[in-house]
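The values are calculated or read from the model by the stated rules, or taken from the named source; none is laboratory data. Computed from a predicted model, the values in this text were never measured in an experiment. Cβ placement follows ideal geometry from the backbone for every residue including glycine, while neighbour counts extend to all protein chains displayed.
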Amino acid sequence: MITQINIENFKCFSKKNMPVGALTMLTGFNAAGKSTALQALLLISQMVSGRHGDVSAALNGELVRMGTPGDVLRSDGSKEIKIGIETVEQKIQWTLVPSINLNNSLDLKDIHWASPNGVGDLTNISCNTSFNGLTPNEAPSDLSNLANEISDLIFISAVRMGTQDVYPSPTEPSPIRANVGMRGDYAPWWYEQHLDYEIDQKRVHSSEKALTLRRQLNAWLDQLFPGAEANAQKLPNTDLIQLLFRNSKTDVWRKPANIGYGLTYAFPILVAGLLARPGQLLIIDSPEAHLHPLGQSNMGKFLAKIAASGVQVLVETHSDHVLNGARLAVKSRVIDSRDVGILFFNRPPQKDGDPEHIIAPSIDKEGNLSDWPLGFFDQAENDLAVLADWG
């Protein structure tokens, strides 16, 4: 599991090390760096997965579209971008520079990694030749496993598939496990292909004993949308999947367009969470989108359950309900408080006295927060104070 993300000279970050846990929620002000932190991981994934070659990072690909090197390099004259990830015992860092051949890509200059050399002693090694697309060829296998965590990540963006009549099948012969696609387009295919697949016991909903994906997805769907169920079927002689929902067991099956955006926005998250393998990285932007506050809170509980089962979950969210759902999961012992992290992003400091760029409140075993910085889900209280003339 990744324990830290390290970024240098990338967009708003001069140099920042960010701790992450089994479930990490990135929240805070707009244009403060939350998406940038996740884009750093997505950029590396886009490179090491082989989607765009093994020695260059395309800035405009399947996972990110960020323009030119000038758009991502800091404006202070920096010439190199460094992105690194760490676990308890391993770390790897990619150094990227503007491409001399392609306008909209970064060349891989070198890779630094650290491997154990005695207790607590890490030896740094640099290599700029003999790449195999993930790490230098002579890198140890466990370090390649770390790079594979980035290569096989699942990303679900804030803009999802919406209400289509039919959905596509993946074009890759061996798609990444549970990769529902950035917009969730492939979630119906994964669901249809694995309806009777038995999911991890650690991810079961307490109301449903059956382990099949169909029964478990409907149990979690019912918690988000009381009574709701989903079904998927492949259309004969095509590679297209039809997705249907209903609001109760006695209701008729309906097309997504006739049931609302909330179901179609939550569906890919449920499918990916239930099918992802332990050790896989799941990144979700705005899991609260189109959900009622009760659904948002229960989404937080679901993500905590998935993280507790071994899937690492990184979430960008503006929802206090998602946060509180995760806190309730801690209080009810669904997930250990030490496995839940919060990164609150202020705007980058411009002068002395400005708040620190990133604050990391901790959660105790009862779900209480150690800090409540200004702007951290306090707007409701601030508005009520004005309405009540509390000054």
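Side notes on the structure shown:
- Residues in segment 73-89 that are among the basic types (Lys, Arg) and under 20 Å from Leu42 (Cβ atoms): Arg74, Lys82.
- Residues of segment 15-49 that are over 20 Å from Glu149 (Cβ atoms), touching a Ser or Thr at 6+ places or on another chain (Cβ under 8 Å) and assigned to a helix (DSSP H, G or I): Lys34 alone.
- Where a residue in segment 251-267 is in the same structural domain as Pro226 (by TED's automatic domain parsing) and its partner, wherever it lies, is among the hydroxyl-bearing types (Ser, Thr, Tyr), with Cβ under 6 Å and at least six apart: Pro256/Thr163; Pro256/Thr264; Ala257/Thr163; Thr264/Thr163
- Residue match in segment 306-321 (condition: more than 30 Å from Ser169 (Cα to Cα) and hydrophobic (A, V, I, L, M, F, W, C)): no
- Considering residues of segment 356-391 that are touching a residue at least 60 places away in the same chain (Cβ under 8 Å) and part of a loop (DSSP other than H, G, I, E, B) only, the residue nearest to Asp320 (Cα to Cα): Phe377
- When Asp196, Asp165, Asp107 are checked against the criterion of being farther than 23 Å from Gln90 by Cα, at pLDDT below 95 and touching a Leu at 6+ places or on another chain (Cβ under 8 Å), Asp107 stands alone in meeting it.
- Taking first residues from segment 220-237 that are more than 19 Å from Ala210 (Cβ to Cβ) and partners that are among the basic types (Lys, Arg) and buried (at least 21 other Cβ atoms within 10 Å of the Cβ), no Cβ contact under 9 Å between residues at least 6 apart in sequence or on separate chains turns up.
- Looking across segment 349-372 at every residue that is under 25 Å from Ile2 (Cβ atoms) and either at pLDDT below 85 or among the aliphatic types (A, V, I, L, M) (or both), the one that is surrounded by the most Cβ atoms within 10 Å (Cβ to Cβ) is identified as Ile363.
- Of the candidates Leu343, Leu328, the single residue that is surrounded by fewer than 18 Cβ atoms within 10 Å (Cβ to Cβ), out of contact with any Cys (no Cβ under 9 Å at 6 or more places or on another chain), closer than 26 Å to Ala289 by Cα and not β-branched (Val, Ile, Thr) is Leu328.
- Phe302 passes every criterion in (1) in contact with a Leu (Cβ under 8 Å, 6 or more places away or on another chain); (2) buried (at least 24 other Cβ atoms within 10 Å of the Cβ); (3) within 22 Å of Val64 (Cα to Cα) apart from (3).
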